[in-house]
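Worksheet: the structure to be examined is printed underneath.
Values quoted throughout were computed directly from the atomic coordinates according to the rules given, and no laboratory measurement underlies them. Note that the coordinates shown come from a computational prediction; the quantities given were computed from them, not determined experimentally. Heads up, the Cβs are rebuilt from the backbone with ideal geometry, glycines too, and the neighbour counts pull from every protein chain shown.
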């Protein structure tokens, strides 16, 4: 069975989203805010950073639409920075990213996943090579590199970090 690059990306994004959902579904706000050691970040920071990045890439960079974050007022509801998504933060700044409203977060995350699925479901696959995007602080790249590299590959990295934190907390990982 041969799949197109778009179908591969859609299926892979859905699978990565499902892993992130599963990784945090049973975690409390206290567990999500746990910091394994000095210099480390919390599972919530990883989740927030990745989800905000995907939201920024899909909504703002690619579609030039307001992010789900701003459109839904999640910055205010969660008491977190209006435009930051964590890239380049100092340890002190990253430590200040704390989940205070688990219900609001659980509303935000699936909205981002839906926005991504809707975009990928309607996009023209010729855009992968034809279209160029800039995802700061990186240089200009093809849309494929932006979606595959910054969204998909980056997301799986954070799944692993959250899975590791689950083990440290005593919740166990996802695959064993």
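State whether the residues of segment 100-111 include one that is over 14 Å from the mean Cα position of the chain (by Cα), more than 26 Å from residue 12 (Cα to Cα) and assigned to a loop (DSSP other than H, G, I, E, B).
yes
With respect to residue 41, determine if the residue is under 22 Å from residue 173 (Cβ atoms) and either crowded, with 18+ Cβ neighbours inside 10 Å or in contact (Cβ under 8 Å) with a residue 40 or more places away in the chain (or both).
yes
Looking at 121, 146 in this structure, which one is in contact (Cβ under 8 Å) with a residue 24 or more places away in the chain, in contact with a strand residue (DSSP E or B) (Cβ under 7 Å, 6 or more places away or on another chain) and either in a helix (DSSP H, G or I) or over 21 Å from residue 33 (Cβ atoms) (or both)?
Matching residue, one of 121, 146: 146.
Mind listing whichever residues of segment 126-140 are outside any helix (DSSP H, G or I) and either over 18 Å from the mean Cα position of the chain (by Cα) or surrounded by 14 or more Cβ atoms within 10 Å (Cβ to Cβ) (or both)?
126, 131, 132, 133, 135, 139, 140
I'd like to check something: does segment 75-92 contain any residue that is crowded, with 16+ Cβ neighbours inside 10 Å, closer than 24 Å to residue 44 by Cα and in contact with a strand residue (DSSP E or B) (Cβ under 7 Å, 6 or more places away or on another chain)?
The answer is no, given that none of the residues of segment 75-92 is crowded, with 16+ Cβ neighbours inside 10 Å, closer than 24 Å to residue 44 by Cα and in contact with a strand residue (DSSP E or B) (Cβ under 7 Å, 6 or more places away or on another chain).
Restricting attention to segment 16-31, and to residues there that are within 15 Å of residue 48 (Cβ to Cβ) and more than 15 Å from the chain's Cα centre (by Cα), which single residue is surrounded by the fewest Cβ atoms within 10 Å (Cβ to Cβ)?
29
Which condition number does residue 30 fail, the rest of (1) more than 14 Å from residue 106 (Cα to Cα); (2) touching a helix residue (DSSP H, G or I) at 6+ places or on another chain (Cβ under 9 Å); (3) assigned to a helix (DSSP H, G or I); (4) free of Cβ contacts under 8 Å to residues at least 40 places away in the same chain being met?
(2)
Return the residues of segment 64-84 that are touching a residue at least 12 places away in the same chain (Cβ under 8 Å), farther than 19 Å from residue 35 by Cβ and in contact with a helix residue (DSSP H, G or I) (Cβ under 7 Å, 6 or more places away or on another chain); say none if nothing qualifies.
Result: 67, 68, 69, 72, 74, 77, 82.
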